[in-house]
1. Please average, across the residues of A:13-21, the number of beta carbons from any other chain that are within 10 Å of each residue's own beta carbon, and give a whole number.
2. I need two numbers for segment B:25-65: Rg to one decimal and Dmax as a whole number, Cα atoms only, in Å.
3. Compute the FRET efficiency between A:Ile30 and B:His111 as 1/(1 + (r/R0)^6), taking r as their Cβ-Cβ distance and R0 = 30 Å, and round to the nearest 0.05.
4. Round to the nearest 0.05 the FRET efficiency obtained for B:Ser103 and B:Ser71 when R0 = 30 Å and r is the Cβ-Cβ distance.
5. Please identify the helices of chain B, taking whole runs of DSSP H, that span at least 15 Å along their own axis as judged from the Cα atoms and have a mean Kyte-Doolittle score of 0.0 or higher.
6. Within a Cβ distance under 13 Å of B:Gly114, other residues only, what is the Lys/Arg minus Asp/Glu net charge?
7. Under the definition of Cα pairs under 8 Å and six or more residues apart, what whole-number percent is the relative contact order of chain B?
8. In peptide B:113-122, how many Cβ atoms from other protein chains are near each Cβ within 10 Å, on average?
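A short reminder: the numbers here are calculations on the coordinates, not readings from a lab. Please read all numbers here as calculations on a predicted model, not as lab measurements. Please note: Cβ atoms are built from the backbone with ideal geometry, for glycine as well, and neighbour counts cover all protein chains shown.
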Amino acid sequence: MDHFLLLVWHAFLVAVFFAFLWRSDRRGRIVLFVKTFLIMVVGAVVLGWLMFPFP
Amino acid sequence: MADKDQRPTIDDASGTKVARWLLLVAWLIPGLGHWLLGKRRRAGIFAGLVVASFVTGSLLHGELAVPQANSPLSWFFTFGCLGNGILYLVRLLALNGLDGIFSSAFPYGLHGGGDPITAGFFYGKTFLYTAGLMNLLVVLDVHDIARGEKS
């Protein structure tokens with residue numbers, strides 16, 4: 001089981017969900033999807049690296 | 001396609017009853033609330049997302065949240081997970097059977113499934129809770145659309 005793939009899959013589902021929940025136009029949905037998806041994936045990886053030195 | 005004026009709303013004369021019925025249906029079957037309001041594309045997408053998240057959680061051996069004695073927080077988790085509507089109820093029934101659900105210890109003593117030994121246990125729980133919370137937000141969205149506060 002690839003943990004990173006699960007992270008990406010989870011981020012994808014949530015990003016699509018909020019894009020359709022909060023935006024009604026096509027461009028707005030795409031922008032919100034990309035923002036949410038990147039924040040979740042990149043944010044989780046960065047946070048993971050920042051926590052790396054700690055026990 | 002349903003006539004716009006005949007769609008369920010809260011504002012019309014029999015509004016309150018219709019709205020409660022609509023919200024109950026929206027909770028019970030993900031996407032059906034939007035479908036009844038004529039938002040069929042969104043209905044399909046929301047239903048697909050909730051079901052995909054729930055199935056992923058189940059395949060990862062995640063555990064459904066159930067109330068536990070001496071653990072008040074478990075009620076919050078249960079509320080979130082209960083947001084899955086019929087998906088939650090059917091899986092709970094499959095795990096516990098009718099005897100288990102209607103035992104004397106109800107609402108305690110229910111089995112939430114899942115396998116804590118597997119690597120996907122906590123990921124599975126996350127997906128199951130995510131699905132439930134997404135569906136609760138979908139219900140609120142149906143409420144806003146029915147009141148005309150959102151298109």
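1. Values: counts 10, 5, 0, 5, 13, 2, 1, 9, 10.
The shielding value for this peptide is 6.
2. Both quantities, over Cα of segment B:25-65: 11.8, 36 Å.
3. Details: r = 42 Å, r/R0 = 1.42.
Rounded to the nearest 0.05, the efficiency is 0.10.
4. Values: r = 18 Å, r/R0 = 0.61.
The formula returns an efficiency of 0.95 here.
5. Working: long enough: B:15-28 (19 Å, 1.14); B:40-59 (28 Å, 0.93); B:86-101 (19 Å, 1.51); B:121-146 (38 Å, 1.06).
Within chain B the helices that satisfy the rule are B:15-28, B:40-59, B:86-101, B:121-146.
6. Values: positive: B:Arg91, B:Lys125; negative: B:Glu63, B:Asp115.
Net charge in that neighbourhood comes out at 0.
7. On the way: 222 pairs, mean separation 48.6, N = 151.
Rounded, it is 32 percent for chain B.
8. Numbers: counts 0, 0, 0, 0, 0, 1, 3, 3, 0, 0.
Taking the mean over all residues of the peptide, I get 1.
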